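The values are calculated or read from the model by the stated rules, or taken from the named source; none is laboratory data. The structure presented is a predicted model; accordingly, all values stated were derived computationally and were not measured. As a convention, Cβ positions derive from the backbone with ideal geometry for all residues, glycine included, and neighbour counts pool all protein chains shown. Remember, those area values only see protein heavy atoms, side chains included, never the ligands or the DNA or RNA. Shrake-Rupley method; radii C 1.70, N 1.55, O 1.52, S 1.80 Å.
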Amino acid sequence: MGSDRQELRANAVTVSFGGVKALQSVDLSVSTGEILGLIGPNGAGKTTLVNCLTGFQRPALGQITLNGENASAWNAVDFRRRGITRTFQGGRLFADMTVLENVEVPLVASGLSRRVARREASELLKRLGIAGIAHNLASALPYTDERRVGIARALAGPRNFVLLDEPAAGMSDVECEELMQVVQTLPANFGCGVILIEHNMTVVLKVSHKIHVLDGGRTLAEGTPQAIRTNAAVIEAYLGAEV
Ligand SMILES: Nc1ncnc2c1ncn2[C@@H]1O[C@H](COP(=O)(O)OP(=O)(O)O)[C@@H](O)[C@H]1O
Ligand SMILES: [Mg+2]
């Protein structure tokens, strides 16, 4: 991997579930070092697109590429091995384990010894500013810490792209802002690219370098936060009087 810029793309990706077209010919590109905000109403296809970009869903048409290489035959493990990692909407930790153990699990699963996994997990918690809760039981964590540890788990291992599916769901505005401060540091701190699904418009427009808007499985608009804020189609279909 090294410090070279990498690019994860969706090219004309289409996914159907029975009669429901979850995605219709969607193009998207994210590079290392940038945060892409993925927004759209419930059912817009955001999670389905993240599933495609991480090997959890095969596109019916179109393809996913990493640095131009066709990833169509890759499964989720192949994506993970190449540093494409994610959190799940409403994802849970192992309740009976400590924070440190929760972060060690994916490292051990990837083949590291317990000793090396422990060292890397500790280091990761430090870099994320949560070393202080390393020995707390996951079941005893406040919700916001639980989400931070979820992100730490995603970062445990190769990490070129981190895809965060509504990491701040259920948080207060203040908690959400706090979590976004962590998200904002990921490109500089870990050199990765980020896709962030987040409903709080003020927050997502603030932390993202670019925005992709889905509506009914189609791309409604894409551009800089400033361009999206003033995009007539987006305002009409989605933002309303909110922004
Ligand atoms: N596994 C599935 N089976 C059937 N329909 C699904 C499945 N996953 C998603 N859908 C449908 O696809 C559309 C897009 O869903 P999703 O990607 O979850 O949207 P979002 O994350 O933007 O809320 C919705 O209509 C949803 O009901
Ligand atoms: Mg979703």
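Things worth noting here:
- For segment 69-84, a residue qualifies if it is open to solvent by 60 Å² or more (accessible area, probe 1.4 Å) and farther than 18 Å from PRO106 by Cβ, and the qualifying residues are GLU69, ASN70, ALA73.
- Filter result (within 16 Å of ligand 1 (Cβ to nearest atom) and either of a type in the set (Lys, Arg) or in a helix (DSSP H, G or I) (or both)) within segment 72-130: ALA76, ARG86
- Cβ-Cβ distances below 7 Å connect the following pairs, each with a first residue in segment 26-37 that is at positive phi, a second residue that is crowded, with 22+ Cβ neighbours inside 10 Å, and a separation of six or more residues or different chains: GLY33/GLY193.
- Single residue of ASN200, ASN189 found to be under 17 Å from GLY129 (Cβ atoms), outside the structural domain of LEU128 (by TED's automatic domain parsing) and either within 16 Å of ligand 1 (Cβ to nearest atom) or touching a residue at least 12 places away in the same chain (Cβ under 8 Å) (or both): ASN189
- Residue in segment 30-46 that is more than 19 Å from LEU196 (Cβ to Cβ) and within 15 Å of ligand 1 (Cβ to nearest atom) present: no
- Matching residues in segment 25-54 - criterion: being assigned to a loop (DSSP other than H, G, I, E, B) and open to solvent by less than 20 Å² (accessible area, probe 1.4 Å): GLY40, ALA44, GLY45, THR54
- Qualifying residue in segment 3-17 (condition: more than 29 Å from SER110 (Cα to Cα), open to solvent by 60 Å² or more (accessible area, probe 1.4 Å) and either in contact with a strand residue (DSSP E or B) (Cβ under 6 Å, 6 or more places away or on another chain) or within 16 Å of ligand 1 (Cβ to nearest atom) (or both)): yes
- Residue check for ALA22: within 12 Å of ligand 1 (Cβ to nearest atom) and part of a loop (DSSP other than H, G, I, E, B): no
- Annotation note: of VAL26, VAL50, VAL15, the sole residue that is in contact with an Asp or Glu (Cβ under 6 Å, 6 or more places away or on another chain), modelled with pLDDT of 95 or more and within 16 Å of ligand 2 (Cβ to nearest atom) is VAL50.
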